[in-house]
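A quick write-up on the structure given underneath.
The values are calculated or read from the model by the stated rules, or taken from the named source; none is laboratory data. These numbers were taken from a predicted model, which means no experiment stands behind them. Methodologically, a virtual Cβ is constructed for each residue, glycine included, from the backbone with ideal geometry; neighbour enumeration extends over all protein chains shown. Accessible surface areas use protein heavy atoms only, side chains included; no ligands, DNA or RNA. Shrake-Rupley method; radii C 1.70, N 1.55, O 1.52, S 1.80 Å.
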Amino acid sequence: KFSSVTHPWPLESLQDVFSFDELAEFYTRAQADEYVVEYKIDGLSVSLEYQNGIFVRGATRGDGVTGEDVTDNLRTIEEIPKVLKDAPPELVVRGEVYMRRSVFDAINAQRELDGQPLLANPRNAAAGSLRQLDPKIAARRGLDIYIFNIQLAEGVSFTRHSETLEYLKSLKFKVIPYKKLSSIGDIHAEILSIN
């Protein structure tokens with residue numbers, strides 16, 4: 001079993017809309033001059049904690065308040081920086097661990113050759129791989145991560161989500177591709193281009 005971790009800042013569920021009408025309601029309610037349109041990666045949400053630029057702990061989202069300490073497994077993901085230059089004294093970021101479709105297909109092809117049951121889908125495969133008790137198994141699964149949010153950046157302040165994404169990129173995190181837009185028409189078009 002993994003030890004429990006109480007998140008220093010809760011990892012809330014993302015709010016969803018499922019139609020352009022619901023999006024228009026959000027747009028009207030928010031009344032912002034900038035919106036960020038980015039991909040939603042279907043994987044396993046995690047928090048990464050850094051002290052003085054050193055990666056010290058990683059945990060699953062769990063129920064948003066308490067997760068599981070999967071630091072050793074997260075250390076096997078090459079895209080997670082283990083040391084950050086010019087980082088604040090305390091930094092907590094949120095990301096999504098996922099398995100690329102090509103990796104998933106290759107694993108299932110090998111499992112089929114070996115007569116093993118196939119993995120159901122990339123999301124479950126990523127979650128199951130990250131929760132292996134042996135980090136060597138997680139390392140062999142070719143997991144990847146995108147960072148999409150700052151939970152805490154001691155001494156640093158932001159006014160826009162896009163600023164947090166730029167800051168994360170400056171620290172060498174792999175950030176989800178995004179576009180800054182302002183009009184509802186441009187937002188619609190970008191969403192349609194993603195689908």
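Numbers below:
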quantity: Long-range HN-HN contacts of Arg100 with modeled amide H, under 5 Å; calculated: Asp144
quantity: In order through the stretch 90-100: 3J(HN,Hα) via Karplus (6.51 cos²θ - 1.76 cosθ + 1.60), integer Hz, x for Gly, Pro; calculated: 10, 9, 10, 10, 10, x, 10, 7, 9, 10, 4
quantity: Average accessible surface area per residue within the chain, 1.4 Å rolling probe, Å²; calculated: 57 Å²
quantity: Other-chain or far-sequence residues with amide H under 5 Å of Lys174's (modelled H); calculated: Ile147
quantity: Share of carbon and sulfur in the accessible heavy-atom surface of the stretch 143-190 [1.4 Å probe, %]; calculated: 51 percent
quantity: Given Lys82/Lys180; Lys1/Lys40; Lys1/Lys174; Lys1/Lys136; Lys1/Lys85, the pairs whose alpha carbons are separated by over 27 Å; calculated: Lys82/Lys180; Lys1/Lys40; Lys1/Lys174; Lys1/Lys85
quantity: Calculated on alpha-carbon atoms, Rg and Dmax of the stretch 111-195 in Å; calculated: 18.5, 54
quantity: Karplus 3J(HN,Hα) series, Hz, for the stretch 168-173 with 6.51 cos²θ - 1.76 cosθ + 1.60 (x for Gly, Pro); calculated: 4, 4, 5, 8, 6, 7
quantity: Karplus (6.51, -1.76, 1.60) ³J(HN,Hα), θ = phi - 60°, over the stretch 30-42, in Hz, Gly and Pro reported as x; calculated: 6, 6, 9, 9, 8, 10, 10, 9, 9, 5, 9, 8, 8
quantity: Local electrostatic count at Lys85 - Lys and Arg +1, Asp and Glu -1, tallied over other residues with Cβ under 14 Å; calculated: +2
